[in-house]
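The values are calculated or read from the model by the stated rules, or taken from the named source; none is laboratory data. Values in this document were obtained by computation on a predicted structure and should not be read as measured data. Ideal geometry is used to build each Cβ from the backbone, glycine not excepted, and the neighbour counts take in all protein chains shown. Side chains included, ligands, DNA and RNA excluded: accessible areas come from the protein's heavy atoms. Shrake-Rupley method; radii C 1.70, N 1.55, O 1.52, S 1.80 Å.
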Amino acid sequence: MRTSSELKALGVFTSVQPDKVAVQNLLAASERKLADSKVAQLSFDTRVEAVYDAMYTLCSALLACLGVKSACAENHHIYVLEGACAELGASSGLANAVDALRRVRNMKYTGVTRCLSDYKIASSVYTEVAALVEKWMAKNLPILFRN
């Protein structure tokens, strides 16, 4: 896994000024997507994608705290997730699960449908990532965004 600074050196991330409001907006968007994923009337395709979007947005919020964002269109999801996992100190097992969830999410482009087990796995991966992000933010946000 490459850190955000390593990905920035490769030119796939660009610098941004850490912005408290932008981070709060990303966190709120992640919460909304997670809530959407729990609507039982929606298809598992939609619910899996909503869980993925919640995780991706959470990772984007973390990177925004670190002053970086994706600078490229191609493979930006891969880089955001990789950089966030590295910054969080995620295990290789969790990083692999995050990438596997990305691939399951991308099944929408092939017409393959997702099922209950896909949704349960996606939710489990999200929960692990969210716990790491929450721990990181509890430690670092008060330092980053002092009034």
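A few remarks follow.
- For residue 57: the one exception among (1) surrounded by fewer than 17 Cβ atoms within 10 Å (Cβ to Cβ); (2) part of a helix (DSSP H, G or I); (3) among the polar types (S, T, N, Q): (1)
- Taking the numbered list (1) under 17 Å from residue 36 (Cα atoms); (2) within 12 Å of the chain's Cα centre (by Cα); (3) open to solvent by 60 Å² or more (accessible area, probe 1.4 Å) in turn, residue 121 passes all entries but (2).
- Among the residues making up region 74-103, those that are open to solvent by 30 Å² or more (accessible area, probe 1.4 Å), over 30 Å from residue 41 (Cα atoms) and either touching a residue at least 40 places away in the same chain (Cβ under 8 Å) or not in a helix (DSSP H, G or I) (or both) are 74, 75, 76, 79, 82, 87, 89, 91, 92.
- Residue in region 13-29 that is among the basic types (Lys, Arg), open to solvent by 60 Å² or more (accessible area, probe 1.4 Å) and outside any helix (DSSP H, G or I) present: no
- Residue check for residue 33: among the basic types (Lys, Arg), touching a strand residue (DSSP E or B) at 6+ places or on another chain (Cβ under 6 Å) and assigned to a helix (DSSP H, G or I): no
- Residues located in region 29-57, provided they are within 13 Å of the chain's Cα centre (by Cα) and of a type in the set (A, V, I, L, M): 29, 34, 50, 51, 54, 55
- If you filter region 1-12 down to residues that are more than 18 Å from the chain's Cα centre (by Cα) and hydrophobic (A, V, I, L, M, F, W, C), you find that the one that is most open to solvent (accessible area, probe 1.4 Å) is 10.
- Among the criteria (1) in contact with a His (Cβ under 8 Å, 6 or more places away or on another chain); (2) without any contact (Cβ under 8 Å) to a residue 60 or more places away in the chain, the one residue 12 does not fulfil is (2).
- Matching residues in region 128-143 - criterion: being under 22 Å from residue 82 (Cβ atoms) and either in contact with a Pro (Cβ under 6 Å, 6 or more places away or on another chain) or exposed (fewer than 13 other Cβ atoms within 10 Å of the Cβ) (or both): 131, 134, 135, 139
- Some residue of region 44-51 being open to solvent by 40 Å² or more (accessible area, probe 1.4 Å), over 17 Å from residue 130 (Cα atoms) and aromatic (Phe, Trp, Tyr): yes
- Which numbered condition residue 71 misses (of (1) crowded, with 22+ Cβ neighbours inside 10 Å; (2) in contact with a Phe, Trp or Tyr (Cβ under 6 Å, 6 or more places away or on another chain)): (1)
- Residues satisfying the stated conditions in region 104-146, i.e. touching a Lys or Arg at 6+ places or on another chain (Cβ under 7 Å), part of a helix (DSSP H, G or I) and in contact (Cβ under 8 Å) with a residue 12 or more places away in the chain: 104, 119
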